[in-house]
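Heads up: the structure comes next, in structure tokens.
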Amino acid sequence: MAVLCHDILDLKADGEYIELLLRREEKVHKSRRTRDPSTDPARADVVRWIMATKASLGFGLKTAYTAVAYFDRFFEHKSIESMRDKTWALKLLSVACLSLAAKMEEIKVLAISEFAIGEDYRFSSEAVQRMELLVLSTMEWRMLAVTPFPYLNFFASKLEETPKDLMISNSIKFIFAAIEVMSSVRFQPSEVAAAAILAALDERLTCKSVESKMIYLSSSGLSNYEHVFACYTLMIQQSHKLRSSNILASFDASPANSTMTSSKRRRLQ
């Protein structure tokens, strides 16, 4: 299904950078609206398309996650119902979100025509660019999305578990196992990262035990254990579903089998 890129697995952040991310995350959270598209079937279709197309084009997982985050942020301001009966509009939006994410995260920028692999719809460059502008204006041109990935190494270090690389790799599997039902509007990136690390640590935690584990992470400014437990539960449930259908096994997140995707610069991720 996907191969993990080094820039996620090896992404390290010190305490000062984590504090900066948390402040930025909190600022975004306070300005958020309550609309959450994660329960709408249309979102799941879009996420599946993004993940499949990302694999076909050789993009990194961080690019795919960012594209999904753009989609979620777009529907904080727009109603997904307005596009429910317009399959072409949702597909065009999907292409625009993935194209924008690729421009932020990938070194090589592909032509728009390459995004339509195996699709019924063929969009002109002008149509995609117009949708990109709509996405940009809707998000007020704030394209630097905080993602869970910079937190993983830091949280794993807090728990002092070894081998740490394996724990982080498994955490990323849990994140992508639940991406269809876990929107970036409902959970903050730090909460997603904490839930993933705890899922990699133990898949049988209770709400009480998650709260106790959070003691090790609370010094990082993370305290909402109920949100973390809700996210953790989603990850466990979804990963079990994927394992039963042998889908999650196709995730290879080991450093030895990684492909290299380098970001253009260190940015708030």
Report task. Rank these for me by crowding, 76, 26, going from fewest to most other beta carbons within 10 Å. Result -> 26, 76
Report summary line: Pairs over 25 Å Cα to Cα, from 103/164; 108/164; 78/103; 62/108; 62/241; 173/241, come to 103/164; 108/164
Query raised in the report: What ranking of 50, 215 emerges when the number of other C-beta atoms within 10 Å of each C-beta is taken as an exposure proxy, fewest first?
Result: 215, 50
**Report entry** Pair residue 44, residue 206: separation of 7 Å Cα→Cβ label points (nm)
**Finding:** 3.1
Query raised in the report: Ranked by Cβ crowding within 10 angstrom, fewest neighbours first, how are 97, 207, 231 ordered?
Result: 207, 97, 231
Query - segment 96-109 - phi-based ³J(HN,Hα) in whole Hz, Karplus 6.51/-1.76/1.60, Gly and Pro as x - result: 5, 5, 5, 5, 5, 5, 5, 5, 7, 10, 9, 6, 8, 9
Report task. Using only the Cα atoms of segment 97-157, build the gyration tensor, take square roots of its eigenvalues as a ≥ b ≥ c, and label the shape rounded, prolate or oblate: rounded if a/c is under 1.5, else prolate if a/b is larger than b/c, else oblate. Result -> prolate
Requested in this report: Excluding residue 227 itself, calculate the net charge of residues whose Cβ lies under 9 Å from the Cβ of residue 227, where each Lys or Arg counts +1 and each Asp or Glu counts -1.
Outcome: -1
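Any read-out appearing in this document is the output of simple, stated calculations on the displayed coordinates, not a laboratory observation. Just so we're clear, the structure is a prediction, and the values are computed from it rather than from any experiment. Backbone-built Cβ (ideal geometry, glycine too); neighbour counts: all protein chains shown.
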